[in-house]
Amino acid sequence: MTAEKSGTTGRRSGAETRADGTGAKNPPDDAAGAGPGSGSPDERASGADSSGEDDTAGTVTSAGKAKRTRKARRTGAAKAAGAASTADKTSTADKTSTADKAGAGTDKAEAGTEAGTEAEARDRADAAKKDGDAAEKSDAAKQDGTGDDEPADPWSAFGPAPEPVLGRPRRAVRAVGRFLVHEWTLAVVAALALAAAMTWPTLRYPRHTLPQDYWDPSLQAWQMAWSGHILRTNPAQLWHSNTFYPENWSFAFSDTLLGYAPAGLIGVGPEHAVLRYNIMFVLAHALAAFGAYALARQLGAGRIGGAVAGASFAYAPWLLAQAGHLHIISNGGIPLALAMLARGHGWSLRYGYRPRRRHAGWAFAGWLMAAWQLSLGFGIGLPFAYMLAGVVLVSVVLWFVRRRKVKRPFGRRLFLADVLGGLVFAAVGAALAVPYFKVAELHPNAERTIGDIGLYSPPASGFFTAPAESRVWGGLHEGARAVLPWHPEMTLLPGFVLYALAAGGLFFSVWRVRHRIFLLAGVLVTMALAMGTRFFGGRFTYVPLFDYLPGWSGLRTPGRMMLWTTLLLGLLAAGAVTAFCMRVRELAAERVPPWPGPWLRLATLLPLALVLVEGLNATPQPVVPRQPAALRTVDGPMLVLPSSQNLDQPVMLWSTDRFQPMVNGGSGFTPRSQARIREATVSFPDYASVDYLRQIGVKNVVVLRDELEGTPWEGMLDRPVDALGVAREQVGEAVVFRL
């Protein structure tokens, strides 16, 4: 009895208060180690091995206990046992080694009473840290949260399956799948498919026909072929083309489509040039639709609203009259560049300025896209450049006014992207402007006058008149076109459906009211500019731009400003259609089940369908005149007769086999040297004309027999050449005079 009390007292003297303040005692070493009933036989054996074989001696070395303590702290096997210190256990063993034998039962009882289940957990933890296979199994069990003698949780079978580890091929397939179903991938595919359908039958015979006529399209097909040819052979001679001999800077006599030069590197000859033109014609429509869609989406329109904006911008009825002007159809870089710049600056019409969405890369890409658009021609590129300059100026002024409220609105990287991108854009514009200023200096007759602008300025009725190429309105508006002085440039109908949608967007839209007012103001201003001198003489609209903005005097057709009117009307329409689609979703949510019915879904697509129907074309597809065999063999410098503005443009196309120098050429104006040559050769062949041609360096004259009728050169083949020292030769359908 005395031994038991002494043992108990000795053990309690080594107890310490718990961290939680409950005052619970640490269990004795026997209870935590090899006491009976403290665990499985393996665990008890493990405990006996650790504490020594003589259980009655009650002596446990300090080294063994310290080792056990370090393992317990290192593995964290038992939370309750972590509070017991090695020093306490060592003190208890030294003072009461004899009493441990007598009081073992009492200690075990106290352990059960004072520590309860916590002591049992500590027993398992200490036993698991012993050497042998039993310790490894116990450690593994503790890591799982279950003991060796605890069954697995049956409810784990209902848990979620682990994520499979995908190999590299499967990850690649999944990434490709995500790319294929991405919105922008689908938008590109849809734009391409829609362009092929809406421009049909352009691609039916793409090697032999051209849209609308074979005059200006032949010129532009030659331009792409020349830029590719000269970049491949002698880039330094880019601006001195093989046409308009002996003039220099002849490539700058009209818009150059220089941005399409990479396409010109592929293929040689007239047939490939025609094929290239038709492909780029279709791609230009696709880019216009995609660019306007991207801009509307960036500004905050929904998908269907963006599709309406894209379709109305690319397939407006007035653009059907421009089917023969690829440099006007190639306008998709304008909205796409604006979309990239807005994305890079984190700006949206619907959501405002969001700094976290800024991205310097998109801003820089927007400047590059703008520079590429400018390289296609100044006809629509120059107003775009001035618009960008105005936006930059307004942005700087607004930042200066609000600099105390908004600090560093751009960030360093975005600021550098804008500076570098703006410099690239300015450098491209300056480099392209040099040849045109040189042409204006050498050819004063190329400069436009206010009188020329007046000839091409449309009246207000032109905004409601469709061109003859419109399948829906062409026949109905024949009378309205008859009263227009020059209807190819004055039929400016953007679409009655677009007018209606834009008008609805003024009252029902996702855009804020002030933004609708700004868009409406832009529509009215661009319409006034498109009227040229017809709007109060242009004194407050077009004439100041003509007088003071460099390069503006070279724009002879004010009606092409309708491009901006169409884009702004499309944005107004996109706001209305987006609001309509949101209302449809709200009505669908009230249904049981919440899913829109077929009529509601069709209603959201109706505006898009109507816009596309109004853009259907009836554009003729004439067959390109076949290249004469003489053009493949005769060397230059040469002159092809008869010669005129329209007749020379197919001749330029025929020269894409060899690009031999020739007097022939068609552009927006006629150089005086070319006019003198045409006048001097009306009497060809005679002594005066032959002598003049020899003086300027012309070696061969090719006469197209089938084209002479009705021209000033009719009957020239009946004149003798015996006394002129000229050799005459029949080559296919042409007659060649070798001087």
| message | Quick check: convex hull over the Cα atoms of segment 416-468, volume per residue in Å³, rounded to an integer? | response | 187 Å³
| remark: For segment 452-491, inverting the pair-averaged 1/r of distinct alpha-carbon atoms gives a Kirkwood value in Å of 10.1 Å
| task | Write down the Å³ per residue value for the convex hull defined by the alpha carbon atoms of segment 450-533. | result | 92 Å³
| note | Quick calc, Asp213 & Phe464: beta-carbon distance into FRET formula, R0 22 Å, rounding 0.05, result 0.30
| In nm, what is the difference between 0.36 nm times the number of residues separating Val401 and Val513 and their Cα-Cα distance? | 38.0 nm
| field | Residue among Ser644, Met562, Gly551 farthest towards the positive dipole end of segment 529-653, charges placed on Cβ | value | Met562
| remark: Rounded to two decimals, the Debye log10 I(q)/I(0) of segment 484-595 (Cα scatterers, no solvent) at q = 0.10, 0.16, 0.20 Å⁻¹ is -0.41, -0.80, -1.04
| message | In segment 368-464, if the dipole is taken from +1 on Lys/Arg beta carbons and -1 on Asp/Glu beta carbons about the Cα centre, which of Leu423, Leu398, Pro458 is farthest to the positive end? | response | Leu398
| task | Compute, for His272, the solvent-accessible surface of its heavy atoms (probe 1.4 Å) with the complete set of protein chains present, and express it in square angstrom to the nearest 10. | result | 80 Å²
| segment 356-399 and segment 496-550: distance between their alpha carbon centers, rounded to Å | 20 Å
| For segment 167-237, accessible area per residue (1.4 Å probe, heavy atoms of protein chains only), Å² | 57 Å²
| request: Using packing as a proxy for protection, rank 473-485, 169-181, 374-386 so that the peptide with the highest average count of other Cβ atoms within 10 Å comes first. | output: 374-386, 473-485, 169-181
| said: So if I place +1 on the C-beta of Lys and Arg and -1 on the C-beta of Asp and Glu, and nothing else carries charge, what would the dipole magnitude of segment 571-665 be about its Cα centre? I want it in debye, nearest 20. | reply: 300 debye
| request: Quote the charge dipole size of segment 186-314 about the Cα centre in Debye, to the nearest 20; the model charges only the Cβ of Lys and Arg (+1) and of Asp and Glu (-1). | output: 480 debye
| request: Could you calculate, for segment 258-411, the ratio of the Cα radius of gyration to the Kirkwood radius, expressed as Rg to Rh? | output: 1.04
| Hey, with R₀ at 41 Å, roughly what FRET efficiency would Leu455 and Glu709 work out to, going by the Cβ-Cβ distance, to 0.05? | 0.85
| query | What FRET efficiency, computed as 1/(1 + (r/R0)^6) with R0 = 22 Å and r the Cβ-Cβ distance, is obtained for Trp599 and Thr185, rounded to the nearest 0.05? | reply | 0.15
| query | What does the convex hull of the alpha-carbon atoms of segment 538-629 project to on average, in nm²? | reply | 12.9 nm²
| note | Here segment 503-511 yields Karplus 3J(HN,Hα) values (6.51, -1.76, 1.60; θ = phi - 60°; whole Hz; Gly and Pro given as x) of 5, x, x, 6, 10, 9, 7, 7, 6
| request: Might you work out the accessible area of Arg343 for me, using a 1.4 Å probe with all protein chains in place, and round it to the nearest 10 Å²? | output: 80 Å²
| message | What are the extents of the Cα atoms of segment 344-400 along their three principal axes, in Å, largest first? | response | 35, 24, 20
| query | Carbon and sulfur: what percent of segment 460-526's accessible surface (1.4 Å probe)? | reply | 72 percent
| request: Enumerate the calculated ³J(HN,Hα) couplings along segment 200-213 in order (Karplus 6.51 cos²θ - 1.76 cosθ + 1.60, θ = phi - 60°), each rounded to whole Hz, writing x wherever the residue is Gly or Pro. | output: 4, x, 4, 8, 6, 10, x, 8, 10, 10, 9, x, 6, 7
| message | Which residues among segment 181-195 fall inside the zone where the amide N is under 20 Å from a point 7 Å beyond the Cα of Ala588, along Cα→Cβ? | response | 181-184, 186-187
| Looking at segment 609-739 from every direction and averaging, what is the projected area of its Cα convex hull in nm²? | 10.1 nm²
| remark: For Ala734, other-chain or 5+-apart residues with amide H closer than 5 Å (H placed, Pro excluded) are Ala630
| message | Restricted to Cα positions, what overall size does segment 221-319 have along the principal axes? Three whole-Å values, descending. | response | 54, 25, 25
| request: Starting from the Cα-Cα distance between Arg171 and Glu733, subtract it from 0.36 nm times their residue separation and give me the gain in nm to one decimal. | output: 196.0 nm
| task | Report, by chain and number, residues whose modeled amide H sits under 5 Å from the one on Asn617, excluding near sequence neighbours (fewer than 5 apart, same chain). | result | Arg471
| query | In debye to the nearest 20, how big a dipole does segment 687-739 give about its Cα centre with +1 on each Lys and Arg Cβ and -1 on each Asp and Glu Cβ? | reply | 340 debye
| Picking from Gly167, Tyr245, Gly306, whose Cα lies most toward the positive end of the charge dipole for segment 163-308 (charges on Cβ: Lys, Arg +1; Asp, Glu -1)? | Gly167
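The values are calculated or read from the model by the stated rules, or taken from the named source; none is laboratory data. Just so we're clear, the structure is a prediction, and the values are computed from it rather than from any experiment. Backbone-built Cβ (ideal geometry, glycine too); neighbour counts: all protein chains shown. Note: accessible area is taken over every heavy atom of the protein model, side chains too, but ligands, DNA and RNA are not part of it. Shrake-Rupley method; radii C 1.70, N 1.55, O 1.52, S 1.80 Å.
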